[in-house]
Amino acid sequence: MRRFIPPLVILVVVLALAAYFGPGLYRAWLFRRDCGQLLLDTRAGRLQAVIHAIEQQQQLRVGALLTQHVPVDYYTDIVSLRRTSYEEPEPGLIWCIVTLRLQQGDGIGLYQGRLRWVFKGRRWWWDFEGSYGAQFSTSGEPEWIKLSDLVDYAEQL
């Protein structure tokens, strides 16, 4: 009987750690998967897949604007697009920084996005209208522009 006590204690500790840390690790794994897929789809020019990653309530409105205003061959100008960091200030909400390098004529344009992600229904959705974009800043915080403001502006065009 005494020989079963150490393995049982180890099993209880492992189960307790899994119960405590497991949900957060699972959400983090799902975020890396969903955000990574969005970036792959963006680089490959799969605009419909990008629209599908947007939060469901925003897909119709934002999707129509992206389809109308984003050039069909936009992805040919992307030099680099990658996730540089992310933080989860509360369970179910992630702020992610992505960096974009674009070929612009003879030069390179550097931009950043501060993307807001929400966890609903076993996956992460990109909250497009709650996200921000800016030119890359080497000195301090960028001048973030809320993407919902750009959507409102694009609707007026």
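What follows draws every value from the coordinates through simple rules; no lab data is involved. Nothing here was measured: the structure is a model prediction, and the numbers come from that model. Cβ coordinates were reconstructed from backbone atoms using ideal geometry, including for glycine residues, and neighbour counts include every protein chain displayed.
What is the order of Ser137, Ser148, fewest Cβ neighbours within 10 Å to most?
Arranged by neighbour count, lowest to highest, Ser137, Ser148 become Ser137, Ser148.
Could you calculate the contour length gain from Arg43 to Ile97, that is, 0.36 nm times the residue separation minus the distance between their Cα atoms, to one decimal place in nm?
17.8 nm
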